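Here's the structure we're looking at; comments come further down.
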Amino acid sequence: PYRIGIVTGTSSPSINCISDNMHRVEQNNREYKYIERMSMLKILTNLINYNIGKKFSIKGPTSALSMSCASGLNSIGEGMNLIKNNECDIV
């Protein structure tokens with residue numbers, strides 16, 4: 001499990017979620033208690049890595065890339081480098 005890595009890519013976190021929460025805070029005198037409780041789960045781009053690692057008991061390196069349209073290609077390149085540099089056997 002230590003020689004297996006996870007690299008994922010996404011275009012961006014949920015911009016709508018961020019915008020909605022900021023609007024809600026502004027409407028309520030900048031009181032942050034009005035932020036939706038589950039919003040962090042929609043914003044964190046590395047949460048999928050945690051879930052994959054936990055489900056399959058993967059303990060190797062992980063990386064969550066957010067590079068717009070290039071995320072998929074960069075994720076493949078990052079995984080290739082982990083294997084090429086002998087840090088992982090599987091990514």
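The values are calculated or read from the model by the stated rules, or taken from the named source; none is laboratory data. Nothing here was measured: the structure is a model prediction, and the numbers come from that model. Heads up, the Cβs are rebuilt from the backbone with ideal geometry, glycines too, and the neighbour counts pull from every protein chain shown. To get the accessible areas, we keep the full protein, side chains included, count just its heavy atoms, and leave off ligands, DNA and RNA. Shrake-Rupley method; radii C 1.70, N 1.55, O 1.52, S 1.80 Å.
Any residue in the stretch 79-90 that's more than 11 Å from Ser63 (Cβ to Cβ): show its pairings with residues that are open to solvent by 90 Å² or more (accessible area, probe 1.4 Å) and among the hydrophobic types (A, V, I, L, M, F, W, C) at Cβ separation under 9 Å, as long as the two are six or more apart or on different chains.
Sorted first by the residue in the stretch 79-90, then by its partner, the pairs are Ile83/Ile90.
Anything in the stretch 45-74 that is in contact with a Ser or Thr (Cβ under 9 Å, 6 or more places away or on another chain) and either open to solvent by 100 Å² or more (accessible area, probe 1.4 Å) or not small (Gly, Ala, Ser) (or both)? List them, or say none.
Scanning the stretch 45-74 gives Thr45, Asn46, Ile48, Asn49, Tyr50, Ile52, Thr62, Leu65, Met67, Cys69.
So is Lys42 in contact with a Cys (Cβ under 9 Å, 6 or more places away or on another chain), open to solvent by 90 Å² or more (accessible area, probe 1.4 Å) and more than 11 Å from Val7 (Cβ to Cβ) or not? First the steps, then the outcome.
Details: in contact with a Cys (Cβ under 9 Å, 6 or more places away or on another chain): yes; open to solvent by 90 Å² or more (accessible area, probe 1.4 Å): yes; more than 11 Å from Val7 (Cβ to Cβ): yes.
The answer is yes for Lys42.
Out of the residues in the stretch 75-88 that are open to solvent by 60 Å² or more (accessible area, probe 1.4 Å) and in a helix (DSSP H, G or I), state the one that is farthest from Val7 (Cα to Cα). So that I can check it myself, show each step before the final result.
Within the stretch 75-88, the subset open to solvent by 60 Å² or more (accessible area, probe 1.4 Å) is 76, 78, 80-81, 83-87.
From what is left, the residues that are in a helix (DSSP H, G or I) are 76, 78, 80-81, 83-84.
Values: Ile76: 8, Glu78: 7, Met80: 10, Asn81: 11, Ile83: 12, Lys84: 15 Å.
This residue is Lys84.
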